[in-house]
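The values are calculated or read from the model by the stated rules, or taken from the named source; none is laboratory data. Because the structure is predicted, anything quoted here is derived from the model rather than measured. Heads up, the Cβs are rebuilt from the backbone with ideal geometry, glycines too, and the neighbour counts pull from every protein chain shown.
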Amino acid sequence: MTGRTLADEISRRIVRPLALTGTSLPGDDTVIRGPHARHYSTLFVTGPDAKVYDVTEMNASTGWAAGGMVSTVKDLDRFVSALLRGRLLAPAEQREMLTTVSTGGKWIPNTTYGLGVFSQKLSCGVTVWGAAGAISGSYSYAMGSRDGERLVVSNVNGDWNNPIGTLTDVLQSEFCPADPASG
């Protein structure tokens, strides 16, 4: 225990050393500072007539560190790259973080989960590593090569119509070589 808040520790250990200027844990604050996308949600209502709401300004404190973090794509790229490259953890902690167990397909198909990171095996057999996050109206992925040298960071600002599938399609297009027979 440090005697400091989680937000203070995230700032001290990660945000300041990596110069993440667009990352915070806002707590009860409902305003996202700086330029940002709007977040849209059907609030878990399904069907073609489900009303879509702008949920950008919400209290995300229920997500705490899991869904309450706010970051830019640029900062997320910098963070996941540093994390995978071993710049944030000691080697023993890095090995422990990357020791994964199967999710049994109950979360995202073909994934294993470690301590805050996961791997996803794409249809072409390539495995990508990284982190993802979601809260009403927003899904973010930061995935790439195990060494953190090559990453794709994306965000879907709507929580209906299979955002996980959309983000997986983006990874497939980047990391799976095109079939030369298809032209």
> Looking at this structure, is S140 part of a loop (DSSP other than H, G, I, E, B) and in contact (Cβ under 8 Å) with a residue 40 or more places away in the chain?
Replying inline: no
> So, of the residues in the stretch 151-166 that are in a loop (DSSP other than H, G, I, E, B) and touching a residue at least 24 places away in the same chain (Cβ under 8 Å), which turns out to be farthest from L83 (Cα to Cα)?
Replying inline: W160
>> Which residue is farthest from K51 (Cα to Cα), if the candidates are limited to the stretch 120-141 and must be aliphatic (A, V, I, L, M) and in contact with a Ser or Thr (Cβ under 8 Å, 6 or more places away or on another chain)?
In response: V128
> Across the stretch 120-141, what is the total count of residues that are under 11 Å from the mean Cα position of the chain (by Cα) and either among the polar types (S, T, N, Q) or within 12 Å of V156 (Cα to Cα) (or both)?
Replying inline: 8
>> Filter the stretch 1-32 down to the residues that are of a type outside the set (A, V, I, L, M, F, W, C), over 19 Å from the mean Cα position of the chain (by Cα) and in a loop (DSSP other than H, G, I, E, B) and list them by number.
In response: T2, G3, R4, T5, R16, P17, D28, D29, T30
> Inside the stretch 150-168, can you point out the residues that are surrounded by fewer than 16 Cβ atoms within 10 Å (Cβ to Cβ) and modelled with pLDDT of 95 or more?
Replying inline: R150
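Residues are listed down the side, and each one gets a yes or a no for (1) under 16 Å from D159 (Cβ atoms); (2) at pLDDT below 90:
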residue: R4; (1), (2): no, no
residue: R13; (1), (2): no, no
residue: G27; (1), (2): no, yes
residue: P48; (1), (2): yes, yes
residue: V55; (1), (2): yes, no
residue: W64; (1), (2): no, yes
> Where in the stretch 54-127 are there helices (runs of 4 or more DSSP H), lying wholly inside it, with at least 3 residues that are surrounded by fewer than 17 Cβ atoms within 10 Å (Cβ to Cβ)?
Replying inline: 64-67, 91-97
> When T72 is evaluated against the numbered criteria (1) touching a residue at least 24 places away in the same chain (Cβ under 8 Å); (2) out of contact with any helix residue (DSSP H, G or I) (no Cβ under 7 Å at 6 or more places or on another chain); (3) more than 17 Å from G130 (Cβ to Cβ), which criterion, by number, is the only one it fails?
Replying inline: (3)
> Which residues, counting only those in the stretch 138-161, are among the aromatic types (F, W, Y) and touching a helix residue (DSSP H, G or I) at 6+ places or on another chain (Cβ under 9 Å)?
Replying inline: Y139, Y141
> Mind checking which residues of the stretch 17-43 are in contact (Cβ under 8 Å) with a residue 60 or more places away in the chain, surrounded by 14 or more Cβ atoms within 10 Å (Cβ to Cβ) and of a type outside the set (G, A, S)?
Replying inline: L18, H39, Y40, T42
